[in-house]
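Heads up, the thing below is written out as structure tokens.
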Number of protein chains: 2
Amino acid sequence: MISESMEALGKKRSTIREIFEYGNARAKVVGRENIYDFSLGNPNVPAPQAVTDEINRLVREEAPEVLHGYTSAPGLDYVREAMAESLNSRFGTHFVKDNFYMTVGAAASICITLKAIACPGDEFVVPAPFFPEYRCWIEHTVNCKCVVVPASPADFQIDFDAFEKSLNTHTKAVIINSPNNPSGAVYSEDTVKKLATILTDASRKFGHPIYLISDEPYREIVYDGLKLPFVTKYYNNTFVCYSFSKSLSMPGERIGYVLVPDEMEDSKDVFAAVCGAGRILGFVNAPSMFQRVAARCATLTSDISIYERNRDILYNGLINAGFSCVKPRGAFYMFPRALEADEKAFCERAKKYDLLLVPGGDFGCPGHVRISYCVKTDMIERSIPVFEKLAKEYR
Amino acid sequence: MISESMEALGKKRSTIREIFEYGNARAKVVGRENIYDFSLGNPNVPAPQAVTDEINRLVREEAPEVLHGYTSAPGLDYVREAMAESLNSRFGTHFVKDNFYMTVGAAASICITLKAIACPGDEFVVPAPFFPEYRCWIEHTVNCKCVVVPASPADFQIDFDAFEKSLNTHTKAVIINSPNNPSGAVYSEDTVKKLATILTDASRKFGHPIYLISDEPYREIVYDGLKLPFVTKYYNNTFVCYSFSKSLSMPGERIGYVLVPDEMEDSKDVFAAVCGAGRILGFVNAPSMFQRVAARCATLTSDISIYERNRDILYNGLINAGFSCVKPRGAFYMFPRALEADEKAFCERAKKYDLLLVPGGDFGCPGHVRISYCVKTDMIERSIPVFEKLAKEYR
């Protein structure tokens, strides 16, 4: 007499959480220093000092009934202006406040976007590897079909032949995530251009816009001085779903936005639908104090160089140990090939060494394992000989 | 090619917001001191000092990557324990942390509860007067039927004859809101007992539990030393949807909970469905810092005596001016009968005196108008002669 699908979703333990909790239990037996837990994507680098400073300033200077009061549903005007200015200054865009709807993080941004555009019978295309919650939201938040495009494991860009075949008259949108969780790949400008060309042609062919939903919580976490192609500049019908969770290391505070560019077809109507969807999903306004913190800190980040150093140590260590892995250019995940075909069996074997890795199956990419390196550098250094021991078993 | 219903919901201006914005424009012409804006339910009494103190303590003492980090989906254990203790100490209940799922406010709590229990074809019963968003959530969040029970305007308790007739085999749940927005009525123990008896009988008759969803954001805002009957003690299959928005004057921060008591039928399964629904609506965890603030301040409130004083001045003023009104015992709304049958025409006439009132139609109770008195006491005092002038027109 309750919703069976909600009950099942609530009961199905997340694989990642299970591994994390196994690690906590195991740490009590063998000591925390002997556990190499690479399961969670919880930033370990603290938020920039400016976050703390702005919280202190706000409680000191603002009247509490204003600071903690309702904001308008899309967010405070000056906050949305700060979002626009931050992107304009960094990416040469021309956004204004009315392009932004502030949300309680990227999960909310994506659910709101899906709810705003989904009609019965729609299909949503997701190139693998992908964040597993996409499937849940497509199937259960809007009751549509999730169409997975197999991964291109040589570089984790997009297999465009497979991608083109996945599009049809029912396709409503494509969800991309670059820098990518779990592969750490960053889509090149060529990839984004080709994606735009294919979607433009397909929209014409099928007689309706196919939207691009660009999920960008890792946008600022890129390495090697890489410049990220900002997707709305290549394809007009793009929603940007953003969160400050990773860039400012405050995932618990739930603050992000949906960006609907003016260049989108019927952008005012679409923005209205985003407002309607926010209301219907039970979001009244994004948290008022952290809206203000995000405005003050919109162009700042945590110390990304720590993640880059972690990447280098881990990548070199894995390659030396004989692993095969696409070098991540962003985010804080590495996605090497497992050393046997069944990556779940491989993860079980790694567990014997107290190396906690996440199987790639839920990400739509079996045969690989995800390693989250938003952890202490010291633990990564100590883990390298352990990865070597594990690899030796397979020689 | 987008969702028409979401677009329509985003475009439909809230009547309350329209009146509020009219007031702001009008204030520029005649001066803010000459506008009597009773439209919004935004608390004007500041949060207790303990809220500010706890924020200061948290940023001073907690590591930022922990303070702002993810919490488990239902919320931090110690926070949920504090929720249980706060209720147990005040209401003699026996809750434990696992009865609580922390949310981003009451709107989220209700949407999550609806999503957890709704099945296709379900009906949800709402006694008038009711908060207008209930209808939107029932119709659009879970695509079910909203069945309105006409108000009992003599006391704004429940018209039980009409209520019993509204129940049938499709009834999944009843949503109540006491203290009530817009009437300020507080359900008596007799009302809650009778409600429980009818729902118990109907559940037996129709062969499935009919849930009670108790929306309680105004629970602590009661006057005249009134003791509120805590609903789960009278009816086992009760969800409590709570928010700290009003009690702690922090509606912008979005913090509340869903409470699933152990006494509920299959309570563990229902709680799992609540977790599933939270996930599917895009809520990852309730904001991490304000979870902690709520835990510290769970038994505190803003200075409620200010609202009580406002109520007394306004109520006496209206009665003396010839209005007919049920005396509110809680919340910060008054719901007098309009002085003509068409309450919209009455509100338009009041507007000529710069008295901004909200018509009762959207609350399921035409012929009445809502007056929000969470405003400066001084404005209420100055408004009384204006209400008198307005009333004179009708003599």
Scan of the range A:213-251 for residues that are closer than 19 Å to A:M102 by Cα and in a strand (DSSP E or B), ordered by number: A:I213, A:S214, A:D215, A:T238, A:F239, A:V240, A:C241, A:Y242, A:S243
Right, B:I213: surrounded by fewer than 24 Cβ atoms within 10 Å (Cβ to Cβ), of a type in the set (A, V, I, L, M) and at pLDDT 95 or above or not? no
Could you list, in sequence order, all residues of the range B:150-174 that are under 20 Å from B:K205 (Cα atoms) and under 19 Å from the mean Cα position of the chain (by Cα)? B:A173, B:V174
Could you tell me whether A:L199 is at pLDDT 95 or above, in a loop (DSSP other than H, G, I, E, B) and among the hydrophobic types (A, V, I, L, M, F, W, C)? no
Regarding the range B:274-281, can at least one residue be identified that is more than 27 Å from A:Y134 (Cβ to Cβ), in contact with a helix residue (DSSP H, G or I) (Cβ under 7 Å, 6 or more places away or on another chain) and among the hydrophobic types (A, V, I, L, M, F, W, C)? no
Which count do you get for residues in the range A:218-254 that are over 13 Å from the mean Cα position of the chain (by Cα) and not aliphatic (A, V, I, L, M)? 18
In the range A:369-395, what residues are in contact (Cβ under 8 Å) with a residue 60 or more places away in the chain, in contact with a helix residue (DSSP H, G or I) (Cβ under 8 Å, 6 or more places away or on another chain) and assigned to a loop (DSSP other than H, G, I, E, B)? A:Y373, A:C374, A:V375
Residue check: is A:V192 outside any helix (DSSP H, G or I) and either in contact with a Ser or Thr (Cβ under 7 Å, 6 or more places away or on another chain) or within 24 Å of A:I112 (Cα to Cα) (or both)? no
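Going through the range A:268-305 one residue at a time, which ones are among the polar types (S, T, N, Q), farther than 30 Å from A:E61 by Cα and within 11 Å of chain B (Cβ to nearest Cβ)?
Here is the first cut: in the range A:268-305, the residues among the polar types (S, T, N, Q) are A:285, A:288, A:291, A:299, A:301-302, A:305.
Among the residues that remain, those that are also farther than 30 Å from A:E61 by Cα are: A:305.
Once the filter is applied, which keeps residues that are among the polar types (S, T, N, Q), farther than 30 Å from A:E61 by Cα and within 11 Å of chain B (Cβ to nearest Cβ), the range A:268-305 yields nothing.
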Any chance the range A:61-73 includes a residue that's among the polar types (S, T, N, Q), in contact with a helix residue (DSSP H, G or I) (Cβ under 7 Å, 6 or more places away or on another chain) and closer than 21 Å to A:E220 by Cα? no
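Can you tell me how many residues within the range B:171-180 are part of a loop (DSSP other than H, G, I, E, B) and surrounded by fewer than 24 Cβ atoms within 10 Å (Cβ to Cβ)?
0
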Here the qualifying pairs (Cβ atoms under 7 Å; residues six or more apart or on different chains; first in the range B:344-368 and closer than 24 Å to B:F156 by Cα and assigned to a strand (DSSP E or B); second of a type in the set (K, R) and modelled with pLDDT of 95 or more) come out as B:V358/B:R370; B:P359/B:K344; B:H368/B:R337
Which of the residues spanning the range A:1-18 are hydrophobic (A, V, I, L, M, F, W, C) and buried (at least 20 other Cβ atoms within 10 Å of the Cβ)? A:I2, A:M6, A:L9
Which of the residues that make up the range B:13-41 are at pLDDT below 90, assigned to a loop (DSSP other than H, G, I, E, B) and closer than 16 Å to B:L357 by Cβ? B:S14, B:L40, B:G41
Expected output for the range A:267-281 (first residue more than 18 Å from A:T238 (Cβ to Cβ) and free of Cβ contacts under 8 Å to residues at least 24 places away in the same chain, partner not β-branched (V, I, T) and not in a helix (DSSP H, G or I), Cβ below 8 Å, 6+ apart or cross-chain) is none
For the range A:1-34, name all the residues that are away from chain B (no Cβ under 14 Å), among the basic types (K, R) and in contact with an Asp or Glu (Cβ under 9 Å, 6 or more places away or on another chain). A:R26
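The values are calculated or read from the model by the stated rules, or taken from the named source; none is laboratory data. Just so we're clear, the structure is a prediction, and the values are computed from it rather than from any experiment. Virtual Cβ from ideal backbone geometry, glycine too; neighbours counted across all protein chains shown.
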